[in-house]
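Engineer: Handing you this structure, nothing more for now.
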Amino acid sequence: MEYIRNFLAGLEPLVPVPAGISPDLRESYSLKAYIFDVYGTLLISDSGDVDESVVSSENLRRAMKFSDISVMGNASSQDRILNTMLEEFVREIKVFHLQHRTAEKPYPEIDIEHIWETIIMRNHARGSIQLNGDKCIKCMTFIFEILSNPLYPMPGMKEVIKTLHSRNIPLGIVSNAQFYTPVVLNYFLSDRLAEDDFVDFFDPDLTIFSYKYKRSKPDLFLFQVLATVLEKKYGLQPADVLFVGNDMQKDVYTGHITGFRTALFAGDTKSLRLREDIEPVRKTRPDYIITDLRQLLNLKH
């Protein structure tokens, strides 16, 4: 964990790129809870989205080296093995989606740690790689994923979350995410590192990560789970709650049709997903448009 801390501390700062969209805060609803997307909303994502990471053999080499996993053979053989493993990675994800996609579950979600464990153990059995120490496949996966898609807090993220929490406003998350997501969030929010799913300042009952449910946004199921908990625990209806996200389909449209108030975060052109090629999404309008998370503090509560 100390290496992970040093690794995160060494991340290069990322700066959002303005999308040229004006904020719209004209609506005046009494908002009783806030739910956030993570990638592209609370966190700047270098690729714009957790699902759009850029994988490379060099990043895989670095992640494996840290984890005491040796690639066998000469330089040419090592390159071939690394490229084969990346091909297996892409193929495993495609196969998973094909096998698990159904009418009931149209957007199945992988468990990235399980995918890499399968690939690592398969290549270990082949003799292509060697596991040398006690560092784990989870560590390798963590490092590889962050190298493939560098992250950094969105401006105002920490201030907004802590301020809303101090006002006793319930906070939640619905995010396409993996096991490392809460680790990164807690580091940026509280300088805390732990291998748990609890994110500081957020209600655990309102924290929904896709990999835990094996279903990803824009699956309505995740929003329905959220709505059920909000009513049972707080007596709130979706219309009392604001969902904040950067994707018009996965966040705004899906939140809208399940009854939530919605805010489109349009503060970073890299992560802004308008999805204007999707018919029902194109006709949907968010209740608010924000270009800086701190604008949320001016809304009516």
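Engineer: With the structure loaded, tell me whether Gly156 is on the phi > 0 side of the Ramachandran plot and in contact (Cβ under 8 Å) with a residue 40 or more places away in the chain or whether it fails that test.
Structural biologist: So Gly156 fits the description; yes.
Every residue, every condition in (1) closer than 22 Å to Lys250 by Cα; (2) β-branched (Val, Ile, Thr); (3) touching a helix residue (DSSP H, G or I) at 6+ places or on another chain (Cβ under 7 Å), yes or no:
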site	(1), (2), (3)
Thr102	yes, yes, no
Ile112	yes, yes, yes
Asn123	no, no, yes
Cys136	no, no, no
Phe142	no, no, yes
Glu159	no, no, yes
His165	no, no, no
Phe179	yes, no, yes
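Engineer: Does the stretch 244-281 hold any residues that are of a type in the set (Lys, Arg) and free of Cβ contacts under 8 Å to residues at least 60 places away in the same chain, and which are they?
Structural biologist: Arg275
Engineer: I'm trying to understand the selection: among the residues of the stretch 270-298, which are in a loop (DSSP other than H, G, I, E, B) and under 17 Å from the mean Cα position of the chain (by Cα)?
Structural biologist: Selection gives Lys270, Ser271, Leu272.
Engineer: Moving to a separate point now. Can you spot a residue in the stretch 283-292 that is of a type outside the set (Asp, Glu), surrounded by fewer than 19 Cβ atoms within 10 Å (Cβ to Cβ), modelled with pLDDT under 95 and over 18 Å from Gly172 (Cα atoms)?
Structural biologist: Looking for residues that are of a type outside the set (Asp, Glu), surrounded by fewer than 19 Cβ atoms within 10 Å (Cβ to Cβ), modelled with pLDDT under 95 and over 18 Å from Gly172 (Cα atoms), one finds at least one in the stretch 283-292, hence yes.
Engineer: Further question: Somewhere in the stretch 227-243, is a residue touching a residue at least 12 places away in the same chain (Cβ under 8 Å) and closer than 23 Å to Ser45 by Cα?
Structural biologist: Yes, the stretch 227-243 contains at least one residue that is touching a residue at least 12 places away in the same chain (Cβ under 8 Å) and closer than 23 Å to Ser45 by Cα.
Engineer: So, of the residues in the stretch 230-252 that are in a helix (DSSP H, G or I) and among the aliphatic types (A, V, I, L, M), which turns out to be surrounded by the most Cβ atoms within 10 Å (Cβ to Cβ)?
Structural biologist: So the residue we want is Val252.
Engineer: Whether any residue in the stretch 160-170 is surrounded by fewer than 22 Cβ atoms within 10 Å (Cβ to Cβ), in contact (Cβ under 8 Å) with a residue 40 or more places away in the chain, in the same structural domain as Phe7 (by TED's automatic domain parsing) and of a type in the set (Lys, Arg) is what I want to check.
Structural biologist: Within the stretch 160-170, one or more residues are surrounded by fewer than 22 Cβ atoms within 10 Å (Cβ to Cβ), in contact (Cβ under 8 Å) with a residue 40 or more places away in the chain, in the same structural domain as Phe7 (by TED's automatic domain parsing) and of a type in the set (Lys, Arg).
Engineer: Then there's this: Can you tell me which residues in the stretch 108-150 are of a type in the set (D, E, K, R) and within 16 Å of Ser67 (Cα to Cα)?
Structural biologist: Across the stretch 108-150, the qualifying residues are Glu113, Glu117, Asp134, Lys135, Lys138, Glu145.
Engineer: Shifting gears a bit: Does Ser28 fit the bill of being of a type in the set (Gly, Ala, Ser), out of contact with any Gly (no Cβ under 6 Å at 6 or more places or on another chain) and under 30 Å from Asn298 (Cα atoms)?
Structural biologist: yes
The values are calculated or read from the model by the stated rules, or taken from the named source; none is laboratory data. This is a predicted model, so every value here is computed, not measured. Counting neighbours? That spans all protein chains shown, and the Cβs are built from the backbone with ideal geometry, glycine included.
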